[in-house]
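Everything on this sheet refers to the single structure shown next.
Rule-based calculations on the coordinates, nothing more; no lab input. All figures in this text were calculated on a predicted structure; none of them were measured in a lab. A quick note on method: Cβ atoms are made from the backbone with ideal geometry, for glycine too, and the neighbour counts reach across all protein chains shown.
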């Protein structure tokens, strides 16, 4: 088991994602496990691929926010085939796509995904004079970032837009700055997310999801992944779940029951993101207060 910063080996390890709601949930689980079961757990920041490898090897016990269909390939590998990981049946509803600031929609006329292939319109997003607009497609470690690159290639706007990857807090700071200066901007987006609480954001329309047209090959599966992939349609309806190592069914069946009962509303997830990203609250301190404020509900999740 991974050692904690304080030097002891915690009983369980929770993989902590690098986005706000995932960090909040990881710490809510950490605090809850201690209060309800007396179990010390470490929340260790790591990418999702490393986390799933850890679930498979036994080094990681819990992943607090597995997004689907983004991670369908990993679920197929570790849940369906290897059987070393499981996904909670309860999931939160979500969606993913490309968004525009109000200035981009109203002043530039970018309202549909096809508009991103129009060089006359995308010139409005060129901030460095290289002839290409700029589009933030996500953080470097996100699985969705790879898929957004596939979508840009499939739709054709990879030819008119420079696809930028950077940590989410940097990408969202750029959105804040664009709105504050009434500058047009487009960016990859997902909900629930605090950006929709802070700003007037427009989701670009797209052709509806079609499973027959959604062919995603990941870089870990094939070096020629981009050429062999195609996704010229909207994302399928998204949802996110807690995942856990199946060895917990034997070692901690009570914890498994707990994990499979945990549920958060979309409003709660947005509030988590707001607390960590906007108010800059410490994830662990936020989790301590959240657990204290929702103790009866958590007791219900933990009942025998």
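Tabulated results
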item	result
Highest to lowest packing among 15-23, 108-116, scored as the average C-beta count within 10 Å	15-23, 108-116
Rounded to 5, the percent of DSSP beta bridges in the chain classed as antiparallel	60
Between helix 283-293 and the chain: long-axis angle, C-alpha atoms, 0 to 90°, nearest 10	60
Ascending count of other beta-carbon atoms within 10 Å, so fewest first, for 90, 14	90, 14
Rounded to 10°, Cα long-axis angle of helix 20-37 versus longest principal axis of the chain	10
Beta bridge orientation in region 94-213: antiparallel %, DSSP, nearest 5	55
Ranked by how many other beta carbons lie within 10 Å on average, peptides 248-257, 51-60 from highest	51-60, 248-257
Estimated FRET transfer efficiency (residue 227, residue 183; beta-carbon r; R0 30 Å; 0.05)	0.30
Contour minus Cα-Cα distance for residue 205 and residue 288 (0.36 nm per residue)	25.9 nm
Simple spin-label estimate for residue 173 and residue 102 in nanometres, 7 Å along Cα-Cβ	2.5
Inter-label distance, nm, simple model (7 Å from Cα along the C-beta direction), residue 82/residue 215	2.7
Extended-chain gain in nm, criterion 0.36 nm per residue less alpha-carbon gap, residue 297 and residue 267	9.2 nm
Simple label model, 7 Å out from Cα along Cβ direction - residue 50 to residue 128, nm	2.7
Pairwise Cα inverse-distance average, inverted: Kirkwood Rh of the chain (Å)	20.3
Cα-based helix-to-principal-axis angle, 143-155 vs the chain, degrees rounded to 10	20
